[in-house]
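Here, each number is a calculation from the coordinates, and none is a lab measurement. Everything numeric in this text was worked out from a predicted model, so none of it was measured. No Cβ is skipped: glycine too gets one built from the backbone with ideal geometry, and neighbour counts run over all protein chains shown.
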Amino acid sequence: MSSAALSTRWDVPAEPVSDRPQDLHISFEELVRRYSSDLFRFAYWLCHDREIAQDVVQEALLRAWKSYAQVKNQAAVKGWLLTIVRRENARRFERARLQMCDVSPEVVADKHHDYDTSPEAFALRCALNELAAEYREPLLLQIIGGYSQKEIAEMTGLSSAGIGTRLFRARKKLKAVLDPQ
């Protein structure tokens, strides 16, 4: 696939920066081809908006391109890219200038009716909200994101065994909340 064809989906620079060798550019194109769908899926999971997710991934790839020459461990590239996506999503909120309004939160109607409103789903959402973030994030990455334990470890910078422990404890805590026999 040529640079021009690749640029139609993600705006990867068509030409390498002058101080980068050509083989580094080809390697980066291969990374974009290999991981762009995973990066988009993760960004979409973070922001729940297709256009914003595309922007986040595009900005993340630009940041990755600028610092790709410093990457030493090619086996950890996917986790590195996912971390850049997560940080780029966080930067979105740093740049945002939210407008204040005089409407109280109680008056604002819930407009999200595209989710399961059954009592079981409500109980599950409540149980997930009770989990500490250190347990909830890996569990949701595995269940919703479809990532393996190893991939989650790369994304979070923890060991695979540490993620396994957190996943086990998260499931155990959910079971205790949902089925307190």
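Observations, loosely collected:
- Extreme residue, positive dipole direction of the stretch 119-178, given options LEU167, SER148, LEU178 (C-beta unit charges): LEU178
- Listed by chain and number, the lysines placed with their C-alpha closer than 30 angstrom to that of LYS66 are LYS78, LYS150; residues fewer than eight positions away on the same chain are left out.
- Residue order, fewest to most surrounding Cβ atoms within 10 angstrom, among THR165, THR83: THR165, THR83
- Among TRP80, TRP45, the order by Cβ neighbours within 10 angstrom, fewest to most, reads TRP45, TRP80.
- Residue order for ASP49, ASP55, ASP179, fewest other beta carbons within 10 angstrom first, comes to ASP179, ASP49, ASP55.
- Charges were assigned to the Cβ only: +1 to each Lys and Arg, -1 to each Asp and Glu. The resulting dipole of the stretch 119-178 about its Cα centre is roughly 260 debye.
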